[in-house]
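Scroll down for the structure; my scribbles are underneath it.
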Amino acid sequence: MSHVVKRIAVAGLNHGHKLAKRVIANNRAKLVGINAPSRPDNIALSRELGAPLYDDIETMLDIESPEGVIVATPTHLLHRTAMACIRRGIHCLIEKPMSNSVGEAEEILLSSSANGARILVGYHRRYSKRVDAIRKLINSNELGRLIAVNCLWLVLKPENYYSDREWRTNKNQGGGPLFINASHEIDLLRHLCGNVIKVVAIAGRGREDYPNVVPTFGVLLSLENEAVCTLLFCDKAPSPFSYETTARENPAYPSYDEDCYKFFFEKGSVSFPSLRVYQKQPDSVQGWFDVLDERVSPQEQSIAFDPLDAEIEHFIDVLDGSSSSVCGVRDALQTLQTLWAIQRAVETGASVSVGSKATRVGVVDNKWEAQDENIES
């Protein structure tokens with residue numbers, strides 16, 4: 001492994017601020033520049049971080065010559081910012097969901113390959129030791145074939161969540177909880193259980209304060225391994241049932257002794273993140289009349305573990321060529337296609353095949369336009 005300090009720049013100072021601080025804390029990297037609008041708050045943050053602030057991404061790349069760039073802009077700016085780096089052959093950590101459309105993601109895929117730019121996409125839950133533990137259990141076949149999964153993500157966002165960042169309310173800019181938040185759930189589901197092939201979804205009541213934001217939806221997913229998954233999602237319901245409030249990885253959130261995912265197999269079931277396992281006894285013949293064996297599966301996870309630290313460490317490994325990306329462009333593209341299938345299913349009330357033309361959506365005259373092929377009534 002190389003011990004040469006890597007020159008890393010950051011574009012975007014919302015989530016990018018958290019990542020920039022972790023770059024500074026890593027002795028294998030140096031923060032050399034920040035690309036963000038020259039507002040007073042960003043100027044103050046750049047001073048805090050000790051790196052120069054640039055309004056223009058091209059100017060920053062010209063002057064600072066970073067080896068890697070963390071692209072953590074609002075969703076609708078991810079593609080444009082990443083492409084400025086990729087065309088120069090600069091490696092990138094691109095925040096999820098990587099781009100605003102499938103077409104933009106495919107351009108990132110083709111251009112990164114042509115220019116030799118290595119890409120890591122920022123689905124940081126993949127570094128969690130809790131996630132490692134449940135993935136090993138699923139893949140061990142100890143509980144038999146996976147049959148079904150239930151995912152819950154229900155929270156109450158702060159009152160200023162949408163008012164402070166106008167783009168979060170704009171579907172044309174990747175706003176709304178589906179692409180901002182549910183992207184993590186879909187990626188984690190794919191990481192643990194395999195790809196999604198078909199989607200059915202229904203939206204709940206919209207927000208009165210932000211009519212373009214759909215806060216609640218229920219999703220039924222068909223997986224390629226023939227398992228089914230239900231996802232209930234809401235950002236306007238106070239509850240302890242979310243990854244953030246159960247995984248104990250981010251001290252900014254309160255934590256509760258609850259589970260947000262449940263996995264069901266032929267021989268038992270397991271809850272996450274507690275890893276509480278219920279398993280039928282080997283000689284069981286009475287089905288639901290027999291008492292299940294109950295245990296907690298071992299896991300290596302301390303309260304202090306921070307997946308974002310691990311993500312930055314991995315990005316440095318990707319920069320020096322000692323590791324391939326945990327989540328590359330092709331992988332993230334599958335998640336993006338699934339998100340667009342959900343969006344189209346919500347809009348049409350129909351079943352949508354993942355990867356079909358129905359998910360190839362782009363902005364035309366500020367309106368979403370999509371093909372209707374592979375949408376089933």
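The values are calculated or read from the model by the stated rules, or taken from the named source; none is laboratory data. For clarity, every value in this text was computed on a predicted model and none was experimentally measured. Using ideal geometry, Cβ is built from the backbone for each residue, glycine included, and neighbour counts are taken over all protein chains shown. The accessibility values were calculated without ligands, DNA or RNA, using every heavy atom of the protein model including side chains. Shrake-Rupley method; radii C 1.70, N 1.55, O 1.52, S 1.80 Å.
Residues in segment 101-129 that are closer than 26 Å to residue 309 by Cα and under 16 Å from the mean Cα position of the chain (by Cα): 105, 119, 120, 121, 122, 123, 124, 125, 126, 127, 128. Among the residues of this structure, residue 71 counts as one that is farther than 16 Å from residue 330 by Cα and either surrounded by fewer than 22 Cβ atoms within 10 Å (Cβ to Cβ) or at pLDDT 95 or above (or both).
The single residue among 243, 261, 256 that is within 16 Å of residue 152 (Cα to Cα), open to solvent by 30 Å² or more (accessible area, probe 1.4 Å) and of a type in the set (Phe, Trp, Tyr) turns out to be 256. Residue 212 meets each of the listed conditions (1) surrounded by 15 or more Cβ atoms within 10 Å (Cβ to Cβ); (2) touching a residue at least 24 places away in the same chain (Cβ under 8 Å); (3) not in a strand (DSSP E or B) apart from (1). In the condition set (1) modelled with pLDDT of 95 or more; (2) open to solvent by 30 Å² or more (accessible area, probe 1.4 Å), residue 192 is compliant with all but (2). So which residues in segment 163-206 are within 17 Å of residue 333 (Cβ to Cβ) and among the hydrophobic types (A, V, I, L, M, F, W, C), if there are any at all? 178, 179, 182, 186, 188, 189, 196, 197, 199, listed by residue number. Could you tell me which residue of segment 51-78 is farthest from residue 175 (Cα to Cα), considering only residues that are part of a helix (DSSP H, G or I) and out of contact with any strand residue (DSSP E or B) (no Cβ under 9 Å at 6 or more places or on another chain)? Across segment 51-78, the extreme among qualifying residues is 62.
Taken together, the criteria exclude residue 134 from residues that are assigned to a strand (DSSP E or B), out of contact with any Asp or Glu (no Cβ under 9 Å at 6 or more places or on another chain), among the aliphatic types (A, V, I, L, M) and touching a residue at least 24 places away in the same chain (Cβ under 8 Å). When the residues of segment 195-222 are filtered to those that are out of contact with any Gly (no Cβ under 7 Å at 6 or more places or on another chain) and among the polar types (S, T, N, Q), the one that is modelled with the lowest pLDDT is 212. Of all residues in segment 147-188, none satisfies the criterion of being of a type in the set (A, V, I, L, M, F, W, C), open to solvent by 10 Å² or more (accessible area, probe 1.4 Å), under 22 Å from residue 225 (Cβ atoms) and assigned to a helix (DSSP H, G or I).
This table checks each residue for (1) loosely packed, with under 15 Cβ neighbours inside 10 Å; (2) assigned to a helix (DSSP H, G or I); (3) touching a residue at least 12 places away in the same chain (Cβ under 8 Å).
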site	(1), (2), (3)
251	yes, no, no
294	yes, no, yes
308	no, yes, yes
317	no, yes, yes
325	no, no, yes
341	no, yes, yes
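Are any residues in segment 1-37 assigned to a strand (DSSP E or B) and open to solvent by 30 Å² or more (accessible area, probe 1.4 Å), and if so, which ones? Of everything in segment 1-37, those that are assigned to a strand (DSSP E or B) and open to solvent by 30 Å² or more (accessible area, probe 1.4 Å) turn out to be 7, 30.
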